[in-house]
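Dumping the structure here so I can ask a few things about it.
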Amino acid sequence: MITNFILAPILMHMFTAIVLLFFWQKVLVQKIISIVGNSIAFLLCLRMFEMTMSNGYLTLQLGSWQAPFGITFIADTLSAIMVLLTALVSLAVGIYSTASLNESRIRFGYFFIFHFLVMGLLGAFLTGDIFNLYVWFEVVIISSFILLTVGGKKRQMEGAIKYVTMNMLGSVIFLTAIGILYGITGTLNIADLALKVAQVENTGLVTVTSLLFFVAFGIKSAVFPLYFWLPSAYHTPPSAIAAIFGGLLTKMGVYAMLRVFTVIFQPDYFTLVLFSVIAILTLLTGALGTINKKSIRRVLSYLIVCHIGFFIAGMGLNTEWAFVAIVFYLIHDVIVKSNVFMISGVIVKMRETVDMTRLGSLLKDYPKFSFVAALVLFSLVGIPPLSGFWPKILLFQETFKQENYLLLAALIIASFVTLFVIVRIWSEAFWKESPKPITEEIDHFESFPFSGKIALIAPIVGLAFVSLYIGLSANSFMKLSEKAAYEMKNPEIYIENVLGAKQ
Amino acid sequence: MEKNRNNERLDRTILRTSTNYLLPLLILFSIFLLIRGHYLSGGGFVGGLVASIAFVLHSFAYSPYQTVKMFAIKPFFVIPTGLIICFLSGLLPVLLGYPFMSVVWFADSVVVIGALGSALIFDIGVYMVVIGVVLTILFTISENT
């Protein structure tokens, strides 16, 4: 179905960003505009998701230039899921940041950059053109540089410089890979590439190019040897920024990998083995990194790395059920990861630190908040009725069926370490007696006005309910993931929808 | 020392006099570029650069403070205005039922300019964004030195 509506969420965020520019120095007006813009964009994304579910693919040839010459925008089930998740998380983080950020940061144009970042994410999920994908990646990266460095202290700059360097390198490799691909096929449209790459006789060159894409997206999604920038960059910025980074930015790399390795390249034996090896190493190193960390934020950063391994493991299996597990895990992971970072931000507001050894007795002082936090933290582990359980068990089953025991072992170890670490956060920060008496000066949270408290807590509770809902009605989410996985395993439908039935 | 200062004043006089003539000429030329572009299509970006060069020249000859005074609004606010114009020019074909960013041509051609399409509106937006960005950067730097 050809429709302009596919661009509506992107344009809504762009429009919000532009309107925000008019109110550069007015903090309160910016907050209101941002919340309104986010809400409308969320409703548009919901409508788009519904349209994709009822009509199948949505496509748009930008500026009436027909594919493969112009830029195509296309939404399949996977894109629609990602767009809806982005909208949900950006709404939650947008509300959260109105209270959690200080005024000087907002005066630096925080909301403008925030909406620009979300616009880039949505564009990356919806585009059907590999070069356009690169452009959206750049939009996201430049916005994230600014968010990371604004108001930079020395510690923050160190992480930001690693982040900038690694992502620049990733962009260069990405662009090189696009160049080679254009050289051997003469096209940039993803659907058209799928047809042309299949006809290229030099399969070695195709494999090398596909691995260049893997390295480029691997840097962005932080897989095994390339992840070191992430833990040093993600624990320094304010938690609202870390929430949107932790939830969505690495998943953009995963999404691009899924798109490229299902539509353009069909992975051969060598690539699959490589995926499995990388997955095992990512799972183990990420898990090991969490164990000796004292700061909650650092633990969570390493957990991002560890859980990226689940996606790569699914890609290494390359079966339809593995893809079902990946998509389901993606839904769970985006919501829960951004939520845990927001929770860590509230803890900072309560106790001025995220160092586990100096925290304590949160359960006694804030029982309701602690209950919600427990719900979210244990969703991350995947205690049965909560959201993480179903995709993990699905992935375990599929790995067992494919007799990839080494991978299975790594997955189980990673899951157990996650459990161990989360239990430790729970017992250290929430349960145990506080090592020093809590004075009133530290407790910023109590000094917030009522609306500020609502803005901090409501997004966390909302996302916690969403993850609870995912766990409890896993059946419908399973059906959704199956639909997405079916489309990923049958790229012909995608190609037909972009290029028309003339093939 | 005294001689140097005299020289400086002399230099400024030449620069100021020529700027008075060059400023309107450069802006006229930038509007010509905006409408003509490189090879017949619109040239919002080059046009914007030439126009901002005109203002840069003015700020060299006089002072950045006096250049800012020529604007009724802060140059910063030219950026979102231009962006809004670009945005609306993309949205115009959507209202008529075409894909986003398609070029819509008006039925009658205008005297002197010729056929008029939504691409020109987009270019005017780009023109304003470029002027806004260049001048904002320039004035921010000169304020701080």
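The values are calculated or read from the model by the stated rules, or taken from the named source; none is laboratory data. As the structure is a prediction and not an experimental result, all values here were calculated from the model. Here Cβ is always computed from backbone atoms with ideal geometry, including for glycine, and neighbour counts include all displayed protein chains. When the accessible area is computed, the model is the full protein with side chains, heavy atoms only, and any ligands, DNA or RNA have been set aside. Shrake-Rupley method; radii C 1.70, N 1.55, O 1.52, S 1.80 Å.
Looking at the stretch A:226-238 only, could you name the residues that are within 18 Å of A:T149 (Cβ to Cβ), assigned to a helix (DSSP H, G or I) and open to solvent by 10 Å² or more (accessible area, probe 1.4 Å)?
Result: A:S232, single match.
Please work out which one of (1) over 19 Å from A:W24 (Cβ atoms); (2) touching a residue at least 40 places away in the same chain (Cβ under 8 Å); (3) not acidic (D, E) is the condition B:L92 fails and give its number.
(2)
Only one residue in A:T165, A:T187, A:T203, A:T207 is within 22 Å of A:A279 (Cβ to Cβ) and either surrounded by 23 or more Cβ atoms within 10 Å (Cβ to Cβ) or not aliphatic (A, V, I, L, M) (or both). Which one?
On the way: A:T165 fails: within 22 Å of A:A279 (Cβ to Cβ); A:T187 fails: within 22 Å of A:A279 (Cβ to Cβ); A:T203 fails: within 22 Å of A:A279 (Cβ to Cβ).
Just a single option satisfies the conditions, and that option is A:T207.
Is it the case that A:V93 is closer than 29 Å to B:S89 by Cα, out of contact with any strand residue (DSSP E or B) (no Cβ under 6 Å at 6 or more places or on another chain) and of a type in the set (V, I, T)?
No; evaluated as a whole, the condition is false for this residue.
Moving on. Collect the residues in the stretch B:96-110 that are more than 23 Å from the chain's Cα centre (by Cα) and either exposed (fewer than 10 other Cβ atoms within 10 Å of the Cβ) or away from chain A (no Cβ under 11 Å) (or both), keeping them in residue-number order.
Answer for the stretch B:96-110, where residues must be more than 23 Å from the chain's Cα centre (by Cα) and either exposed (fewer than 10 other Cβ atoms within 10 Å of the Cβ) or away from chain A (no Cβ under 11 Å) (or both): B:L96, B:G97, B:W105, B:F106, B:A107, B:D108, B:S109.
Now a separate question. Scan A:L395, A:L419, A:L406, A:L375 and give me the residue that is modelled with pLDDT of 90 or more and buried (at least 23 other Cβ atoms within 10 Å of the Cβ).
A:L395
Between a first residue in the stretch A:214-227 that is farther than 14 Å from A:T285 by Cβ and a second residue that is open to solvent by 10 Å² or more (accessible area, probe 1.4 Å), which pairs have beta carbons less than 6 Å apart while being 6 or more apart in sequence or on different chains?
Within 6 Å, the pairs are A:V215/A:I173; A:A216/A:I173; A:I219/A:M166; A:I219/A:L226.
As an exercise: evaluate A:T86 against (1) polar (S, T, N, Q); (2) under 17 Å from the mean Cα position of the chain (by Cα); (3) open to solvent by 40 Å² or more (accessible area, probe 1.4 Å) and give the number of the one condition it does not meet.
(3)
Would you please name the residue that is farthest from A:Y494 (Cα to Cα), looking only at residues in the stretch A:63-78 that are without any contact (Cβ under 8 Å) to a residue 60 or more places away in the chain and open to solvent by less than 40 Å² (accessible area, probe 1.4 Å)?
Ranking the candidates gives A:G63 first.
Right, something else. For a quick check of your reading of the model, give me the residue pairs whose first member lies in the stretch A:1-30 and is at the interface with chain B (Cβ under 9 Å from one of its Cβ atoms) and closer than 17 Å to B:T81 by Cβ, whose second is charged (D, E, K, R) and open to solvent by 40 Å² or more (accessible area, probe 1.4 Å), with beta-carbon atoms closer than 9 Å and at least 6 apart or on different chains.
The qualifying pairs are A:W24/A:R107.
Also, I was wondering about something else. Please state which of the following conditions A:L60 fails to meet, knowing it meets all the rest: (1) within 11 Å of chain B (Cβ to nearest Cβ); (2) in contact with a strand residue (DSSP E or B) (Cβ under 9 Å, 6 or more places away or on another chain); (3) assigned to a loop (DSSP other than H, G, I, E, B).
(3)
Also, quick follow-up: So, in the stretch A:432-448, of the ones that are assigned to a helix (DSSP H, G or I) and exposed (fewer than 15 other Cβ atoms within 10 Å of the Cβ), which residue ends up modelled with the lowest pLDDT?
Of the residues in the stretch A:432-448, the ones assigned to a helix (DSSP H, G or I) are A:444-447.
With the extra rule that they be exposed (fewer than 15 other Cβ atoms within 10 Å of the Cβ), the set shrinks to A:444, A:446-447.
Working: A:H444: 71, A:E446: 76, A:S447: 77.
Looking at the filtered set, the residue picked out is A:H444.
Find the helices (runs of 4 or more DSSP H) located wholly in the stretch B:1-120 whose residues include 1 or more that are acidic (D, E) and at pLDDT 85 or above, and list them.
none
In addition: Please name all residue pairs, on different chains or six or more residues apart, with Cβ atoms under 7 Å, provided the first residue is in the stretch A:307-331 and is more than 13 Å from A:L394 (Cβ to Cβ) and the second residue is crowded, with 24+ Cβ neighbours inside 10 Å and charged (D, E, K, R).
Once the first residue is more than 13 Å from A:L394 (Cβ to Cβ) and sits in the stretch A:307-331, its partners that are crowded, with 24+ Cβ neighbours inside 10 Å and charged (D, E, K, R) give A:H307/A:D333.
Can I ask one more? Which members of the stretch B:111-133 meet the condition of being open to solvent by less than 20 Å² (accessible area, probe 1.4 Å), within 14 Å of chain A (Cβ to nearest Cβ) and in contact (Cβ under 8 Å) with a residue 24 or more places away in the chain?
B:S118, B:G125, B:G132
For the stretch A:31-43, how many residues are surrounded by 19 or more Cβ atoms within 10 Å (Cβ to Cβ) and either over 24 Å from the mean Cα position of the chain (by Cα) or away from chain B (no Cβ under 14 Å) (or both)?
Count: 6.
If I ask for residues that are in a helix (DSSP H, G or I) and surrounded by fewer than 18 Cβ atoms within 10 Å (Cβ to Cβ), which ones from the stretch A:254-289 would you list?
A:Y269, A:F270, A:L272, A:V273, A:L274, A:V277, A:L281, A:L288
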